[in-house]
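Presented below is the structure to which this report refers.
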Amino acid sequence: MSDTRSTPSLVAVCAFALLVATGARGQSAPPKAPIRPVTDDYFGTKVVDNYRYFENLKDPGVQQWMKAQADYARHVDSELSHELSHAHPEPSTLA
C-alpha cells in the first residue's frame, strides 16, 4: 500500500536537491561571511571567535551581509516554490 503523505515530502526533497545541484539558477551560493577573528583569554584558555563582529548590527558590513543573505534565501525559496508548483499537479487535475 502506498502512503500518499510522503509524496509531497519526497518531491520537495528532490526539488531542493535539484536546486542545490544547479546552483539555484543564477545565484550559485549564499554570501560568504568574512572572517574577522577576535581572541579572548578565559583564565588562560584562548578562545577565537571569527564572527563576533556579527553582534554589532549597526556595522554596515553586517547589514550588507544580512541583506545579501536574505536576498539569496528569497531567491532559493522562489525557485523551490516554482519547482514544487510544477512537480505535482493540482488535485483537481488528478482524475
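Laboratory data are not the source of any read-out in this text; all were calculated from the coordinates shown. Every value quoted in this text rests on a predicted model; they were computed, and no experiment measured them. Please note: Cβ atoms are built from the backbone with ideal geometry, for glycine as well, and neighbour counts cover all protein chains shown.
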Open item on the list: Ranking request for peptides 37-45, 62-70, 50-58: highest mean number of other beta-carbon atoms within 10 Å first, then the rest in descending order.
Closed with: 62-70, 50-58, 37-45
- [ ] Return the distance in nm (one decimal) between the two label points of a simple spin-label model at Asp40 and Ala73, each offset 7 Å from Cα along Cα→Cβ.
- [x] 2.5
